[in-house]
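Okay, so here's the structure we're looking at.
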Amino acid sequence: MSPAPLADYSALAGRSIAVVEHMLHHPYVLGVRQAQEAGARITLLMQDVDWYSHGRPWAEAPLALVDDVVHVDTTDVDAVLGAVTDAAGSPRFDAVTSFSDYHTEVAATVAQRLGLPGPNPDALRRANHKHLLRGAFGDDEGNLRHALVGDLDAALKAAADLGYPVIAKPPAEAISYGVRRCDDDDELSAAVAELSGVTSSLRGQPRTGEVLLEEYVDGVEVSVESMSFGGTTHIYGVTSKDLFGDPYYIECGHTFPVPLSEESRAELYGVVRRALASIGYDYGPCHTEVRLTDRGWRLIEANPRTPSSCMTMLVTDVTGRSPILDAWLLAVGEVPDVAPVTWTGGAAVRMLYPQATGALQRVDGVEAAAADPAVQVLLHVHEGEELMARMDNSSCVGFTYATAEDPATAAAIADDAAAKLTFVGS
């Protein structure tokens, strides 16, 4: 099946967009290229070039295709403000935005100060700090019981109130970092001992070392990809979220769209829209994770950005609408034509994790995996780089991606391609 043709994004022509940090890997590089092809100019504000180049020359990094790079402390609002304004304090760009969990609030604050379009920074803070989202969502039936704790005694008391098993996680992180299930006091003690030592985020922002505990709910997890503006949260569809499971909740694949009954879909969309309304998030993309339990849909978390792990490609190839480009349209004050979207066929991605650790020597089976014209093999690891044991999504080394006439077929093709690959370490 051929992917749906990309929608018309000519409204981006002549627009300049400052992106405060960026997501890694192929889908976001593709988004930059598509925006440039539509006539936009993309400037990347970055703090640490090694985050993108992994010690290789910047010219070899996939994101080196951006039109310009500005080096600045991207955790500092005033520093970013200075980087995007001229001597008179006027904005040098049509938009200041970010898809990085760690920088969306900074970008939105700068945009707000300059009178540029963007989400409410307070709404982003409530979403990015998961205990604030839980608190704002309150007694909604889609919420989970939870407790923010600062030491082991408080954690043990909270777990007794919540009942085991519980999920322990940092209150503000991404890529499933630090998330684990605890079935008893001993496992919880180990989790708290580790997580309480986290005093900075993966991108260097200070953290308190507090731990968020949530009641564990069993069930199938999905994500809802959306774009909010004009008083409505418009939804592209539902993506499967395949997980390796206990004790760590690490993604291994996604398929789009997920077939649901009209009743279940309405209930799911209701939870998502109520959650976003509760924090005041009404402008921009969101990737909201929800689990179907025996009591109905329950909110896991809401991420006010476009989704990672090739999910933007899934949506684009099935609907013709790019969440990345739609978000940039909103950032420059244009209204994307996202209502309603139509689905054509299906798409799937499988995340690749190394079978061994050590320095990568080679990847076997790439030619066989890519022999099917429906498959793309997208690797982001180079010879000599260290392969990590599977602990969170950062140990992912690539993707197999497929489109087909329906989601199930696409998933089977992506699985088959992934099974042909072997990462050989030293």
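Numbers at a glance
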| quantity | calculated |
| --- | --- |
| All positions within the stretch 36-65 that are charged (D, E, K, R) and free of Cβ contacts under 8 Å to residues at least 60 places away in the same chain | Glu37, Arg41, Asp48, Asp50, Glu60 |
| Spans of strands (runs of 3 or more DSSP E) in the stretch 322-426 with at least 2 residues touching a residue at least 12 places away in the same chain (Cβ under 8 Å), closer than 30 Å to Glu105 by Cα and in contact with a Ser or Thr (Cβ under 8 Å, 6 or more places away or on another chain) | 346-352 |
| Subset of the stretch 1-35 [part of a helix (DSSP H, G or I) and free of Cβ contacts under 8 Å to residues at least 60 places away in the same chain] | Ser10, Val29, Val32, Arg33 |
| Sole exception among (1) in contact with a Leu (Cβ under 8 Å, 6 or more places away or on another chain); (2) modelled with pLDDT under 95 for Val377, by number | (2) |
| Any chance Gly115 is surrounded by fewer than 17 Cβ atoms within 10 Å (Cβ to Cβ), at pLDDT 95 or above and under 25 Å from Ala11 (Cβ atoms) | yes |
| Count - residues of the stretch 268-296 that are surrounded by 22 or more Cβ atoms within 10 Å (Cβ to Cβ) and of a type in the set (Phe, Trp, Tyr) | 1 |
| Qualifying residue in the stretch 305-328 (condition: under 21 Å from His131 (Cβ atoms) and either in contact with an Asp or Glu (Cβ under 9 Å, 6 or more places away or on another chain) or modelled with pLDDT under 95 (or both)) | yes |
| Filtered residues of the stretch 251-267 (kept if in contact with a Leu (Cβ under 8 Å, 6 or more places away or on another chain), over 25 Å from Met23 (Cα atoms) and either buried (at least 19 other Cβ atoms within 10 Å of the Cβ) or of a type in the set (A, V, I, L, M, F, W, C) (or both)) | Leu260 |
| Any chance Ser240 is within 19 Å of Ala127 (Cα to Cα) and not assigned by TED's automatic domain parsing to the domain that holds Val377 | no |
| Criterion violated by Ala174 - all others in (1) among the aliphatic types (A, V, I, L, M); (2) surrounded by fewer than 18 Cβ atoms within 10 Å (Cβ to Cβ); (3) at pLDDT below 95 satisfied | (2) |
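The values are calculated or read from the model by the stated rules, or taken from the named source; none is laboratory data. Just so you know, these numbers come straight off a predicted model, no measurement behind them. Glycine gets a Cβ as well: all are built from the backbone with ideal geometry, and neighbour counts include every protein chain shown.
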